[in-house]
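Here is the structure we will look at, set down as structure tokens.
The values are calculated or read from the model by the stated rules, or taken from the named source; none is laboratory data. Only a predicted model underlies this, so the values are computations on that prediction, with no experimental measurement involved. Because the Cβ atoms are built from the backbone with ideal geometry, glycine has one as well, and the counts that use them run over all protein chains shown.
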Amino acid sequence: MIARTWHGRVPTPKAEAYLAYLQRTGLADYAATPGNQGVLVLRRTEGDVTHFELTTLWDSVDAIRRFAGDDYARARYYPEDDAYLLERELLVRHADVLLVALPPAQLA
């Protein structure tokens, strides 16, 4: 399994609207892409800037390419992103997933 992590920054007053926008765009596209195994959406506010970090889980590089295209190390953006994002980071990070652990109560 491969984890793909993207980071973006938005003005804090736009954070709630951006989350709703993400659900309509990127998160919906992740879910519709064969080989996607889920997403973790993290949000951290630092004053007037809110950071979003999305980590998606994928079966393979081929699955990532189905979502991101051949240059899968580049971030994928949507036309309306500029209405929210303070800048567009060009690259994402990929890492092999070695272990996914759940609390013991969830393993039963």
Is it the case that VAL61 is in contact with a Ser or Thr (Cβ under 6 Å, 6 or more places away or on another chain), of a type in the set (A, V, I, L, M) and either free of Cβ contacts under 8 Å to residues at least 60 places away in the same chain or surrounded by fewer than 16 Cβ atoms within 10 Å (Cβ to Cβ) (or both)?
no
Out of the residues in the stretch 64-85 that are of a type in the set (A, V, I, L, M, F, W, C) and surrounded by 14 or more Cβ atoms within 10 Å (Cβ to Cβ), which is nearest to the chain's Cα centre (by Cα)?
ALA75
Given the criteria under 15 Å from the mean Cα position of the chain (by Cα) and surrounded by 14 or more Cβ atoms within 10 Å (Cβ to Cβ), does LEU40 qualify?
no
Among the residues of the stretch 6-18, is any under 23 Å from ALA101 (Cα atoms), touching a residue at least 40 places away in the same chain (Cβ under 8 Å) and surrounded by 13 or more Cβ atoms within 10 Å (Cβ to Cβ)?
yes
Test: THR55 is in contact with a helix residue (DSSP H, G or I) (Cβ under 8 Å, 6 or more places away or on another chain) and of a type in the set (Ser, Thr, Tyr)
no
Return yes when ASP29 is charged (D, E, K, R) and surrounded by 10 or more Cβ atoms within 10 Å (Cβ to Cβ) and no when it is not.
yes
Quick one: THR56 ticks every box in (1) closer than 14 Å to ILE2 by Cβ; (2) surrounded by 13 or more Cβ atoms within 10 Å (Cβ to Cβ); (3) at pLDDT below 95 bar one, so which box is it?
(3)
Go through the residues of the stretch 82-103 one by one and say whether even a single one is out of contact with any helix residue (DSSP H, G or I) (no Cβ under 7 Å at 6 or more places or on another chain), modelled with pLDDT of 95 or more and assigned to a helix (DSSP H, G or I).
yes
